[in-house]
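In what follows, a structure is listed as structure tokens, so that the remarks can point back to it.
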Amino acid sequence: MQISRLQAKNWKNFRKVDVNLSYRLFLVGPNASGKSNFLDIFRFLRDLCVSGGGLQQAVDVRRGGVSALRCLAARKDPDITVDVEIKDDRNDETWTYHLSFSQDRNRKPIIRKEVVTRNGKTLLSRPDDADKKDALRLTETALEQTVANKDFRPVVQFFQSVSYRHLIPQAMRDPQDFSSSGKNEDDPFGRDFLQRVENTLERTKNSRLNKIQAAMKVAVPQLEKLEVSRDNYGVPHLIGSYSHWRPNASKQTEAQFSDGTLRLFGLLWTLFEGNGPLLLEEPELSLHSEIVSHLPQIIEKVLRLRGVRRQVLISTHAADMLDQDSIGPEEVLWLEPSAEGTLVKSPLKDKEALLQLKAGLTVADVVMPKSSPKNIDQLVLNL
Amino acid sequence: MAFINFLVEGRIDEAVAIKLASSAGFEPGTCFGKKGMSYIKKKITGFNLSAQGSLFFALVDLMDTSLTCPAEVLSQWLPHRNPNMMFRVVVKEIESWLLADRQGIAEFLHVNSAFIPHAVETLDDPKQTLIQIARRSRRKFIRETLAPAAGTTAREGILYNDEMTRFVQDHWNTEEARLNSPSLDQCIIRLNELKGKQ
């Protein structure tokens, strides 16, 4: 399954979004243009569906409430809206999920509209009669209720399968130095990363580690072997054997690994985990530019190796990654800040960019200059 | 409003191109390239092909091409030039155009204007000439930031790009400069012609 179209209104710094999404999507834009906020829409859908989640949790606890979430450029029509179209190629089905919400007098999120359709047929349309009788019902989406979501369980499971990764090497090394989000499972920053690796089924774990080790040897040639094991205190460690001039390889743990080694390992492991949409935040960090330029191929190869068709959304500043003819105009969106909120643009709808891409220029040639910060010279302090 | 996009070698060239285009009445669009001469050489055909709906102003330093005359660059790099693609060759290097505003650059560098050469297009290495002049500045800041520090083998000072970009934006007098540089004069004439056709 794949999110094929996203529409949103008043979401964080976006006044209005309406874009088609391909299986692979690169998101570029200047700093603070909203790349993470864009990805956050998908995390929000996940937060609605996971256990311990739901509308109140997703809006109030995780995102600071409706007023913090609502776009500053929102004026008339202030509801926050998220509307996705999901294509299921295997079953030849198209689902849509629409949610708009606002806040009640106690500033708690309250649903204005929730609609689910399958192949154009409406399965759910709220507010319904029951909602009118009991207004409290509108504080919960149908997604978060097992009884209510019976007819569209695949959508719920699909949203649950969204995973977001922004691994921070220091958090992987010293999880105790970083305060926990309160929930230990599935931490995007890697605090529980080695724990997760260690908890993987032994056979699966070893098979993945072998494949990752082989791939990583290209980037880190002196790396001989990768394993994960627990120390005397039960704390899991990633252990790498490095070859050197002595006859036996020396062992190092994640504490001694370079940032690049840890990030690359984290990225590869992440690709092996799960089947749902994967949101990657700047996967190029700490990596050599040659490796960065191969990231799209690395991702493709791992997914092929697994036989998994999985949507991957990548935010990036790396021109190296986009400088290839194999990236099509439909696979890129660029964010352009404006007074009326950030605009999400596609080369498909930009005549000039489309002509340039058709003339043999790459996304890096065309889109990176367009998405570069305006007035960069103001970074030059006047001495 | 007529928008024009740019294809240039680097930041100073970008500032020059934007200033010239704005003076001719164009609205500056996107600036492509900024990855040196070889990038433009490799990609010029693509940008030329795509210049159907939009205007382009490409600027290349003759010195970097290792060819001897601008016509040669044009015929080798871009034999089928799109009329929307204005491709100009700087003789010999963007610094020639900056030095061509003799009064302006002398004031900016805080040197006697007698140090600034007259025939800027015949200089062997305009950038090194400019840096050598900067070494004679009365201001310590200019001497220390435009010229490479003693002991390094860098070719330019640590703030060279920033400062020369600032010179172009705030001080460079194109009307003065065109009097000393035929290639700049031609470039300005062509830009105005292109603007006239819009």
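The values are calculated or read from the model by the stated rules, or taken from the named source; none is laboratory data. Bear in mind the structure is a predicted one, so any value in this text is a computation, not a measurement. All Cβ positions, glycine included, derive from the backbone under ideal geometry; neighbour counts span all protein chains shown. The area values use the complete protein model at the heavy-atom level, side chains included, leaving out ligands, DNA and RNA. Shrake-Rupley method; radii C 1.70, N 1.55, O 1.52, S 1.80 Å.
Quickly estimate the mean residue ellipticity at 222 nm for the protein assembly as shown, helices only: each DSSP H run with n ≥ 4 gives -39500 (n - 2.57), and the total goes over all residues, rounded to 500. Intermediate values should be presented prior to the final figure.
Details: 23 runs with 218 residues, N = 581.
Result for the protein assembly as shown, helices only: -11000 deg cm²/dmol.
Roughly how many percent of the accessible protein surface of the protein assembly as shown is carbon and sulfur, given a 1.4 Å probe and a whole-percent answer? Intermediate results must be reported in sequence, preceding the final value.
Numbers: 13480 of 27390 Å².
Heavy-atom surface of the protein assembly as shown belonging to carbon and sulfur, 1.4 Å probe: 49 percent.
Which whole-angstrom value gives the distance between the alpha carbon centres of segment B:162-198 and segment B:6-53?
14
Remind me, relative contact order of chain A in percent, using alpha carbon pairs under 8 angstrom and six or more residues apart? List each step's numbers first, then the result.
Numbers: 679 pairs, mean separation 75.9, N = 383.
It rounds to 20 percent for chain A.
Can you give the extra length, in nm with one decimal, that the chain gains between A:SER338 and A:ASP325 once fully stretched, where that is 0.36 nm per residue apart less the Cα-Cα distance?
So the chain would gain 1.7 nm between A:SER338 and A:ASP325.
Under a point-charge model restricted to the Cβ atoms of Lys and Arg (+1) and Asp and Glu (-1), what is the dipole moment magnitude of segment A:318-376 relative to its Cα centre, in debye to the nearest 20?
Values: 6 positive and 10 negative charges, 47 e Å.
Dipole size: approximately 220 debye.
Extent of segment A:36-124 along each principal axis, from alpha carbon coordinates, in Å, largest to smallest?
If we take the Cα atoms of segment A:36-124, the spans are 42, 29, 23 Å.
For segment A:63-200, just the Cα set please: Rg and Dmax, both in angstrom.
18.7, 53
Compute the distance from the alpha-carbon center of segment A:10-37 to that of segment A:129-207, in whole Å.
Taking the Cα centre of each part, segment A:10-37 and segment A:129-207 sit 22 Å apart.
About its Cα centre, how strong a charge dipole does chain A have in debye, to the nearest 20, once Lys and Arg get +1 and Asp and Glu get -1 at the Cβ?
Working: 55 positive and 51 negative charges, 122 e Å.
Dipole magnitude for chain A comes out near 580 debye.
Give me the number: length gained by fully extending A:ALA214 to A:PHE178, i.e. 0.36 nm times residue separation minus the C-alpha to C-alpha distance, one decimal in nm.
Numbers: separation 36, 0.36 × 36 = 12.96 nm, distance 3.12 nm.
9.8 nm is the gain from fully extending A:ALA214 to A:PHE178.
Would you list, by chain and number, the aspartates and glutamates whose Cα falls below 14 Å from the Cα of B:LYS43, excluding same-chain residues fewer than 8 positions away?
Of all the aspartates and glutamates, those that pass the test against B:LYS43 - Cα under 14 Å, at least 8 places apart if same chain - are A:ASP323, A:ASP325, A:ASP365, B:GLU9.
If you average over every viewing direction, what projected area does the convex hull of the Cα atoms of the protein assembly as shown give, in nm²? Working shown, then result.
Details: hull surface 136.0 nm².
That works out to 34.0 nm².
If the limit is 27 Å between Cα atoms, which of A:LYS76/A:LYS113; A:LYS12/A:LYS370; B:LYS41/B:LYS92; A:LYS217/B:LYS34; B:LYS34/B:LYS195; A:LYS345/B:LYS197 go over it?
Details: A:LYS76/A:LYS113 17 Å; A:LYS12/A:LYS370 22 Å; B:LYS41/B:LYS92 17 Å; A:LYS217/B:LYS34 34 Å; B:LYS34/B:LYS195 24 Å; A:LYS345/B:LYS197 31 Å.
Going by Cα-Cα distance, A:LYS217/B:LYS34; A:LYS345/B:LYS197 fall outside the 27 Å limit.
How many Å² of accessible area per residue for the protein assembly as shown, probe 1.4 Å?
Details: 27390 Å² over 581 residues.
Roughly 47 Å² per residue, with all protein chains present.
I need the semi-axes of the equivalent ellipsoid of segment B:86-146: take the C-alpha gyration tensor, multiply each eigenvalue by 5, square-root it, list largest first in whole angstrom.
Square roots of five times the eigenvalues give 21, 11, 10 Å.
Using a basic spin-label model with each label point 7 Å from the Cα along Cα→Cβ, how many nm lie between A:GLN7 and B:LYS195?
Label-label distance for A:GLN7 and B:LYS195, simple model: 4.4 nm.
Between A:THR253 and B:ARG139, what is the label-to-label distance in nm when each label sits 7 Å out along the Cα-to-Cβ direction?
Distance between label points: 5.6 nm.
Non-local amide H neighbours of B:THR30 (under 5 Å, H modeled in plane, Pro and chain starts lacking H): which ones?
Here B:PHE6 satisfy the definition.
Counting just the Cα atoms, what span does segment A:146-283 cover along each of its three principal axes? Round to the nearest Å and put the largest first.
Result, largest extent first: 64, 30, 30 Å.
Rank A:GLY53, A:GLN176, A:GLY64 by how far each Cα sits towards the positive end of the charge dipole of chain A (+1 on Lys, Arg Cβ; -1 on Asp, Glu Cβ) and give me just the farthest.
Of A:GLY53, A:GLN176, A:GLY64, it is A:GLY53.
Got the relative contact order for segment A:149-272 handy, in percent, Cα pairs under 8 Å and 6 or more residues apart? Numbers along the way, then the final one.
Details: 135 pairs, mean separation 25.0, N = 124.
Dividing the mean separation by the residue count of segment A:149-272 yields 20 percent.
Hey, what do the phi angles of segment B:88-97 turn into as Karplus ³J(HN,Hα) couplings, whole Hz, using 6.51/-1.76/1.60 and θ = phi - 60°, x for Gly and Pro?
Once rounded to whole Hz, the list reads 10, 9, 7, 9, 9, 8, 4, 5, 4, 5.
Assuming R0 = 25 Å, can you tell me the calculated FRET efficiency for the pair A:ARG107 and A:ALA32, based on Cβ-Cβ distance, to the nearest 0.05? Before the final figure, lay out the partial values.
Numbers: r = 26 Å, r/R0 = 1.05.
The value I calculate is 0.45.
Beyond 26 Å, what share of the Cα-Cα pairs of segment B:20-152 remains, rounded to the nearest whole percent? Don't jump to the answer; show the numbers that get you there.
Working: 3202 of 8778 pairs.
Result for the distance tail: 36 percent.
In whole Hz, with x marking every Gly and Pro, tabulate ³J(HN,Hα) for segment A:361-373 from phi via Karplus 6.51 cos²θ - 1.76 cosθ + 1.60, θ = phi - 60°.
7, 8, 4, 5, 5, 9, 7, 4, x, 5, 9, 6, x
Estimate the FRET efficiency between B:THR153 and B:SER66 by the formula 1/(1 + (r/R0)^6), using the beta-carbon distance for r and 25 Å for R0, to the nearest 0.05. Intermediate values should be presented prior to the final figure.
Values: r = 22 Å, r/R0 = 0.89.
So, using R0 = 25 Å, E works out to roughly 0.65.
Could you work out how much longer the chain between B:LEU74 and B:THR122 gets when fully extended? Use 0.36 nm per residue separation minus the Cα distance between them, nm to one decimal. List each step's numbers first, then the result.
Details: separation 48, 0.36 × 48 = 17.28 nm, distance 2.01 nm.
Extra length from B:LEU74 to B:THR122 when fully extended: 15.3 nm.
Determine ³J(HN,Hα), in whole Hz, for all residues of segment A:196-201 in sequence, where each value follows from phi through the Karplus function 6.51 cos²θ - 1.76 cosθ + 1.60 and θ = phi - 60°; x replaces Gly and Pro.
3J(HN,Hα) across segment A:196-201, in whole Hz: 5, 4, 5, 6, 5, 3.
Counting only residues 5 or more places away or on other chains, whose amide H sits under 5 Å from the amide H of A:PHE26 once H atoms are built in the peptide plane?
The list, which skips near neighbours in sequence, is A:ILE314, A:VAL332, A:LEU333.
Gap in Å between the Cα centre of segment A:63-85 and the Cα centre of segment A:311-374?
Taking the Cα centre of segment A:63-85 as reference, the centre of segment A:311-374 is 26 Å away.
Would you mind counting up the charge near B:LEU78? Only other residues with Cβ under 14 Å from its Cβ, with Lys and Arg at +1 and Asp and Glu at -1.
Net local charge, B:LEU78 excluded: +4.
How far is it, in nm, from the label point at A:THR122 to the one at A:GLU224 when both lie 7 Å from their Cα along the line to the Cβ?
Going by the 7 Å Cα→Cβ label model, 6.8 nm.
Counting Lys and Arg as +1 and Asp and Glu as -1, what is the net charge of the other residues whose Cβ lies under 14 Å from the Cβ of A:LEU209? Don't skip to the answer; put the middle values down first.
On the way: positive: A:ARG196, A:ARG203, A:LYS205, A:ARG208, A:LYS211, A:LYS217, A:LYS225; negative: A:GLU198, A:GLU202, A:GLU224, A:GLU227, A:GLU254, A:GLU273.
So the surrounding residues net to +1.
Counting protein heavy atoms only and a 1.4 angstrom probe, how many square angstrom of accessible surface do chains B and A bury in total, to the nearest 100?
Working: alone 9690 and 19220 Å², together 27390 Å².
In total, this chain pair buries about 1500 Å².
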